[in-house]
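A.B. asks: Take this structure, written in structure tokens, and hold onto it; I'll ask about it next.
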Amino acid sequence: MKNQSYQDDVDIAAASLERMLSSFAVLSPGDIERIRSWFHGPAMVHPPGGAVSLHPERKDARVVARGWIARGAMLEDGRRQIVGLSLPGDVILAADVVDADMAVWALTEASTLDASLLWAAISEGVDVSPRLLEAWRHFRSAERLRLARHVIRLGRLSAYERTAHLLLELYERQSRLGAAEPGVLHLPLTQDMLADILGLSAVHMNRTLQQLRRAGLVDYRTGRAVLPDLQGLALAAGLSIADDLADAPPSRD
């Protein structure tokens with residue numbers, strides 16, 4: 001019999017993944033039951049900085065139950081560039097970690113569950129409803145779009161613009177999960193971690209956050225960021241508010 005801690009992780013991961021997929025297409029109770037049936041094996045706990053192992057030859061996949069996980073490059077001199085963030089409910093696929101220089105590691109204490117059965121069923125279309133397949137396609141498209149936006153962010157936006165852009169993106173993702181209070185972003189990342197995502201030095205990151213705070217757009221403290229003016233933050237990022245925040249979950253009417 002699996003212990004309560006494992007069951008708690010299954011419930012958290014399943015609920016987060018269900019909310020995320022349901023934000024792209026309305027799922028039936030049967031779809032949700034199928035999602036839950038695909039998790040198996042013991043939960044893995046990853047300490048901050050701990051590697052998350054994935055094996056491409058086995059079509060490995062893990063769903064995040066707790067914590068935040070990063071994907072990126074670790075350079076020999078200690079510098080690193082984070083190219084993707086996985087939040088609770090996100091599925092990490094070995095197929096996405098294609099470069100030998102890429103690594104996956106926990107930014108905060110995290111736990112993940114084996115989701116290889118889910119990935120195999122969806123990729124092969126076995127006993128998967130059209131609505132669930134549609135939700136999964138949108139889910140994966142959103143991830144690819146985030147990667148493209150990250151390239152644009154690093155290549156063309158100023159430090160001020162890219163920080164505003166990232167905060168809006170994370171707020172939209174948490175809104176899909178139903179985890180964001182209006183104008184409040186759960187952000188368990190240090191300034192050094194934010195710098196590694198945005199390609200900035202720690203000093204430049206601190207200076208940029210101070211600029212955003214003085215502009216009345218962000219009140220950042222480790223653990224959370226208050227965003228009192230989403231429209232102003234979108235303007236600071238060089239966006240229309242529709243660009244990043246109008247990807248709202250579909251109406252249930």
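A.B. asks: Placing +1 on the Cβ of each Lys and Arg and -1 on the Cβ of each Asp and Glu in the chain, which of Pro88, Leu167, Val218 has its Cα farthest towards the positive end of the resulting dipole?
C.D. replies: Checking the options against the dipole of the chain, the answer is Val218.
A.B. asks: Now for a different question. Could you work out what % of the accessible surface of the chain is carbon and sulfur, using a 1.4 angstrom probe and leaving DNA, RNA and ligands out of the count?
C.D. replies: Working: 6560 of 12140 Å².
Carbon with sulfur: 54 percent of the solvent-accessible area.
A.B. asks: Sticking with this one: With the Cα gyration tensor of the chain in hand, convert its eigenvalues to equivalent ellipsoid semi-axes via √(5λ) and list them largest first in whole Å. Please report the intermediate quantities before stating the final value.
C.D. replies: On the way: eigenvalues 181, 93, 55 Å².
Values for the chain, descending: 30, 22, 17 Å.
A.B. asks: With the crude spin-label approximation of a point 7 Å out along Cα→Cβ, what separation in nm comes out for Arg156 versus Ala95?
C.D. replies: Each label point lies 7 Å from its Cα, and together they span 2.9 nm.
A.B. asks: Right, another one. Hey, can you find the accessible area per residue of the chain for me, probe 1.4 Å, expressed in square angstrom?
C.D. replies: Details: 12140 Å² over 253 residues.
Result: 48 Å² of accessible area for each residue.
A.B. asks: Something else now. For the chain, what is the charge dipole size about the Cα centre, in debye to the nearest 20, if Lys and Arg each add +1 at the Cβ and Asp and Glu each add -1 at the Cβ? Please list the in-between numbers first.
C.D. replies: Working: 28 positive and 32 negative charges, 91 e Å.
It works out to roughly 440 debye.
A.B. asks: Something else: Rounding to the nearest 10 and keeping the result within 0 to 90°, find how far the Cα-based axis of helix 159-176 lies from the longest principal axis of the chain.
C.D. replies: Once rounded, one gets 30 degrees.
A.B. asks: Just grab the label-to-label distance for Val184 and Asp11, each label 7 Å out from Cα along the Cβ direction, in nm (one decimal).
C.D. replies: Label at Val184, label at Asp11, 2.3 nm between them.
A.B. asks: Just flag the trypsin sites (Lys or Arg not before Pro) in region 122-227 sitting in loop per DSSP whose Cβ has no more than 11 other Cβ atoms within 10 Å.
C.D. replies: Answer in residue order: no site qualifies.
A.B. asks: For region 229-238, in order, what is each residue's ³J(HN,Hα) by Karplus, 6.51 cos²θ - 1.76 cosθ + 1.60 with θ = phi - 60°, in whole Hz (x at glycine and Pro)?
C.D. replies: 9, 5, 5, x, 5, 5, 5, 5, 7, x
A.B. asks: Could you pull the accessible area for Tyr220 with a 1.4 Å probe, rounded to 10 Å²?
C.D. replies: We get 40 Å² for Tyr220.
A.B. asks: Before rounding to the nearest 500, sum -39500 (n - 2.57) across all DSSP H runs of length at least 4 in the chain and divide by the residue total; then give [θ] at 222 nm in deg cm²/dmol.
C.D. replies: Calculated mean residue ellipticity at 222 nm is -14500 deg cm²/dmol.
A.B. asks: How are the C-alpha pair distances of region 1-82 spread across 10 Å bins, as whole percents from the shortest bin up?
C.D. replies: Bin by bin from 0 Å, the calculated values are 14, 38, 33, 12, 2, 0.
A.B. asks: Further question on the same structure: So how strong a dipole does region 148-224 carry about its Cα centre when Lys and Arg Cβ are +1 and Asp and Glu Cβ are -1, to the nearest 20 debye?
C.D. replies: Details: 11 positive and 7 negative charges, 28 e Å.
Using Cβ point charges on Lys, Arg, Asp and Glu, region 148-224 gives about 140 debye.
A.B. asks: Using protein chains only and a probe of 1.4 angstrom, how many square angstrom of Leu209 are accessible, to the nearest 10?
C.D. replies: Its heavy atoms expose roughly 10 Å² to the probe.
A.B. asks: While we're on this one: Treating only the Cβ of Lys, Arg, Asp and Glu as charged (+1, +1, -1, -1), what charge dipole size does region 45-158 show about its Cα centre? Round to the nearest 20 debye. Write down the numbers at each step before the final one.
C.D. replies: On the way: 15 positive and 14 negative charges, 108 e Å.
I would put it at about 520 debye.
A.B. asks: Give me the one-decimal Kirkwood hydrodynamic radius in Å for region 156-207, with the sum taken over alpha-carbon pairs. Spell out each step's value before the answer.
C.D. replies: Details: mean 1/r = 0.0855 Å⁻¹.
Here the Kirkwood hydrodynamic radius works out to 11.7 Å.
The values are calculated or read from the model by the stated rules, or taken from the named source; none is laboratory data. The structure displayed is predicted, hence computed values, not measured ones. Quick reminder, even Gly has a Cβ in these numbers, built from the backbone with ideal geometry, and neighbours come from all protein chains shown. SASA here: full protein model, heavy atoms, side chains in, ligands and nucleic acids out. Shrake-Rupley method; radii C 1.70, N 1.55, O 1.52, S 1.80 Å.
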